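Working notes for the structure below.
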Amino acid sequence: MITLQRRAVQVRTFPLFRADDVSGLRDALRRGDLIGADIVAVTGKTEGEGGPDDRSRAAIDNAIRALVSELTSLSTQAIAEIPMNFSGGSGGVISPHFTVFTASAVEPTLPSGSGGVGRLVIGRGVSAPIPAEQLGRLGLVDAVAAAVDTGLGDAGITPDRAAYAMVKNPMLTPALIADAERRGASVIDPPHGLSALFRQSGGTALGAALALGDVQRPAEEQIGVDTSLYSSRVSASSGTESDRAQALVFGNAVDAPGSLSVGHAEMTDALDVAALHRACRAAGLDVPDFADPATFAHRVAAIFVKCNPTDDGTLRGYPQSQEGGAWDRKYTTQLKASVGGMFAAALGNPAFYISGAGIHQGPPGGGSVVVIADHSA
């Protein structure tokens, strides 16, 4: 597993001025700034509201795949297997955008990060189709664990070397529920709402955490409920774009080439802006807490944030307006926008990935921050 050929990873972010806007990527591919055949993954934030009826995620997913098909010789199957993880809901100042990860072969003599934290490697894993009756249940946990394990092997790293596992899982839709009923299978109850979303994303998070060795295999009744089970190295989100779990695994390897590295930090609560700077240091950047963005933002290639509502409805001893407790969708949406604004100000950049409803993805009321640092900047 560890002897896989290393490739140099690069990251490029493009603005989304409309739901299917691939103009920036098209220009980059035509100029040769990016090689379409080198694209290994795409992540991003879209303008939709993030629910089951949000079509903005599928719009950009389909547009990017169509563009890669148009401008490269990649097979239809190879393009379909590129993991794309889009999160809807660009609330507050968060900007719709997408980030393209490429990996290219390089000469083995290229200097690597052997003197520090290592250099970035990415692995990919895609599960078999996950039927509706497994979503939010142990079947989802096991399918995701297998996909993340595949990603670890693809990256050529062991679980302890992984900084982040990012997984997109299928979401229950009326069509999937109807199909399950026709087959005589039952889905989680209730099938809709924030509690169902927590169970679906929660099952995905626990599957990723299981593969990384951060949790034991849970009991089914713990999924989406027991907040004592979590990993600050995982991110999970649900979508209607695919019927499979799509996993990305990020880590560092001392024999990897390139100029990027990745680091993560646990966010203790929704005001823990210093988690950004801790993640920068974990990625090898010398950044003090509460640093001026002008001193380090040019060295941050991408960041990913997950945030959680509190279990007890308080933040540092003060009450929060959670009408439905941790299941309050309105509060969760506001929390994502608020935390997003905090990190946008700390970074001086509104184009980064942030996702809410992060149960099992960091401590209750907290979350995680992941930074990809560019040591050549």
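The values are calculated or read from the model by the stated rules, or taken from the named source; none is laboratory data. None of the values given here were measured: they were computed from a predicted structure. Heads up, the Cβs are rebuilt from the backbone with ideal geometry, glycines too, and the neighbour counts pull from every protein chain shown.
Key figures for this structure:
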quantity	calculated
Every residue from segment 117-129 that is more than 24 Å from Leu260 (Cα to Cα) and buried (at least 24 other Cβ atoms within 10 Å of the Cβ)	Ser127
In segment 63-103, residue surrounded by the fewest Cβ atoms within 10 Å (Cβ to Cβ) [restricted to those that are part of a loop (DSSP other than H, G, I, E, B) and either charged (D, E, K, R) or in contact with a Leu (Cβ under 7 Å, 6 or more places away or on another chain) (or both)]	Glu81
Search result, residues across segment 314-357 that are surrounded by fewer than 17 Cβ atoms within 10 Å (Cβ to Cβ) and either farther than 29 Å from His97 by Cα or among the basic types (Lys, Arg) (or both)	Thr314, Leu315, Arg316, Gly317, Tyr318, Pro319, Ser321, Glu323, Gly324, Gly325, Lys330
The listed residue being of a type in the set (Gly, Ala, Ser) and either touching a helix residue (DSSP H, G or I) at 6+ places or on another chain (Cβ under 7 Å) or outside any helix (DSSP H, G or I) (or both), out of Gly251, Gly153, Gly139, Gly202	Gly251
Pick from segment 21-45, criterion part of a loop (DSSP other than H, G, I, E, B) and among the aliphatic types (A, V, I, L, M), ranking: surrounded by the fewest Cβ atoms within 10 Å (Cβ to Cβ)	Ile35
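So that you can scan it fast, the table gives a plain yes or no per residue for (1) within 15 Å of Val234 (Cα to Cα); (2) at pLDDT 95 or above; (3) in contact with a strand residue (DSSP E or B) (Cβ under 8 Å, 6 or more places away or on another chain):
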site	(1), (2), (3)
Pro111	no, no, yes
Leu135	no, yes, yes
Val141	yes, yes, no
Ala175	no, no, no
Phe198	yes, no, no
Leu206	yes, yes, no
Leu210	yes, yes, no
